[in-house]
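Report on the structure given below.
The values are calculated or read from the model by the stated rules, or taken from the named source; none is laboratory data. Owing to the predicted nature of the structure, the values given are computational and were not obtained by experimental measurement. Counting neighbours? That spans all protein chains shown, and the Cβs are built from the backbone with ideal geometry, glycine included.
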Amino acid sequence: MSQPIEKATGIVPGKDIEKQREYSTLVAELVSMRYSEKPKAFVHTYGCQGNVADGERIEGMLVSMGYELISDVDQADLILFNTCAIREHAEDRLYGNVGALKVLKKSKPGLKIVLCGCMMQQKHAAEKIKKSYPFVDIVFGTHALYRFPEMLYINLSSGKKVFDITDEPGKIAEDLPIHRDSKFKAWLPIMYGCNNFCSYCVVPYVRGRERSRAPQVIIDEMKELVKQGYKDITLLGQNVNSYGKGTDYNFSRLLKELNSIEGDFLIRFMTSHPKDCTFELLDTMSQCDKVAGHLHLPFQSGNNRVLKEMNRGYTREKYLELLEYAYKVMPDLSVTADVIVGFPGETYEEFLDTVSLVRQAGFTSMYTFIYSSRPGTKAAEMPDPVSRDEKGKWFSELLKVQEDVADKRTSAMVGRTFRVLCESVNKNGLIEGRTQGNIIIEFPADENLIGSFANVKVTESLIWILKGELQ
Ligand code: 5AD
Ligand code: SF4
């Protein structure tokens, strides 16, 4: 028998959250005595939307602790990098950016430097920071995020460095303060962690096991966001389709309940895993008027041997069957995907299967990555004979094919009218927004429209961006 979802996952006890609130007050008192005006905090988040959502909680905690958030790093009294570990490039960039702070810290000894997030959850990275970057004050991993006030208090009051990278299965911390970056677009995490252990991926090691937030907590947060005027709300999880797995509740049911909340808003979600993407979910999407006609469904490779080595749990045929059904029930659906080029042992012939899948799939856009070896993963132990240069050529070949596919998709939109959320004024002085399918569109209109929906007719397609006119 499956258990009720409310009992399924570990929640950080309320008293522990309360204790952090007390630390937060202590920090606020301490900094109000130490600084003549509000101390300034610079926060930078790397990586995926899950990290961005964590970053908004970190910023919320900093505001509660009496800090003012700023965007000029040179003015900061506290600099925090919320790190990413998904590819080596992200890690290299972080080391470069932290190294560059050494001079700043020398000229400003009271400056606090804080590193957190996925990269810091890995022992080897935290050790390297300890050894080679001794001017860093606080380091904590993803599981310790809610304890940031306590760590900052210890450091501020004693001057001691704080390292907290405890390896835990991961719990859910509710009721943290949030400082949202936008007034009309919001991130709403519905689950954390991942159980899939795709052989190339570091996420299950740094984010812990899958755990779903209780439906009522999500529904209440969504209602509150809608009340505050949010128009575009994205449900987040490494694998949203496995929301509630092993319980009496699933993602389709959650979508239906959220869809029934009153108001004019759009529900998005990401990321979906093809292994857990069901026809039921696709039917639900097609029936829910507030759920955007957009599915981000990473396929990673179009070759069955490579998919097996990646431990993805589906075949090329299963993936294409899902797409076929999805387009049948939602003819206007925009599908986007992630793909990895040059997985260890992948041959050029096998890569060509990825190319042919891209030709068949009709993606509106695609995030293409060259394989990056992650220490501790299974793929990192596999022989990887193809050179980086060669993989670079495959990468370019694939991009050209996707450009052609996207061009066909967006050209077919010319002459049609779409409902667009107006987001900003771009460098051409035009209003820029996104269609439900997440395609960028620019058009002349009044700035007052920012944050609201408008009907826009597509007049021209420039492959990745559409031009339009207000209707
Ligand atoms: N190398 C390259 N790309 C990766 N991704 C995850 N791990 C790796 C890796 N080791 C990509 C996958 C995933 C996206 C978020 O990042 O395509 O879907
Ligand atoms: Fe990584 Fe696979 Fe989990 Fe996605 S589903 S986070 S690629 S292990």
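Just one of (1) more than 13 Å from ligand 1 (Cβ to nearest atom); (2) surrounded by 21 or more Cβ atoms within 10 Å (Cβ to Cβ) fails for I219. It is (2). Scanning the stretch 335-380 for residues that are part of a helix (DSSP H, G or I), near ligand 1 (Cβ under 10 Å from one of its atoms) and not hydrophobic (A, V, I, L, M, F, W, C) yields no hits at all. Of all residues in the stretch 342-378, those satisfying the criterion of being within 16 Å of ligand 2 (Cβ to nearest atom) and among the aromatic types (F, W, Y) are F343, Y367, F369, Y371. Does L297 fit the bill of being among the hydrophobic types (A, V, I, L, M, F, W, C), in contact with a Cys (Cβ under 7 Å, 6 or more places away or on another chain) and within 25 Å of R409 (Cα to Cα)? Considered against the rule, which asks whether it is among the hydrophobic types (A, V, I, L, M, F, W, C), in contact with a Cys (Cβ under 7 Å, 6 or more places away or on another chain) and within 25 Å of R409 (Cα to Cα), L297 comes out as yes. Identification of helices (runs of 4 or more DSSP H) wholly contained in the stretch 236-325 with 3 or more residues that are away from ligand 1 (no atom under 14 Å from the Cβ) and within 25 Å of A186 (Cα to Cα) yields 251-259, 279-287. Tell me whether the stretch 190-199 contains one or more residues that are free of Cβ contacts under 8 Å to residues at least 12 places away in the same chain and in a loop (DSSP other than H, G, I, E, B). Looking for residues that are free of Cβ contacts under 8 Å to residues at least 12 places away in the same chain and in a loop (DSSP other than H, G, I, E, B), one finds none in the stretch 190-199, hence no. Checking every residue in the stretch 181-196 against the condition of being among the hydroxyl-bearing types (S, T, Y), in contact with a helix residue (DSSP H, G or I) (Cβ under 9 Å, 6 or more places away or on another chain), buried (at least 16 other Cβ atoms within 10 Å of the Cβ) and modelled with pLDDT of 95 or more gives zero matches. Residue pairs whose Cβ atoms lie under 7 Å apart, separated by 6 or more positions or on different chains, with the first residue in the stretch 256-283 and farther than 13 Å from H296 by Cα and the second in a helix (DSSP H, G or I) and of a type in the set (K, R), are I261/K223.
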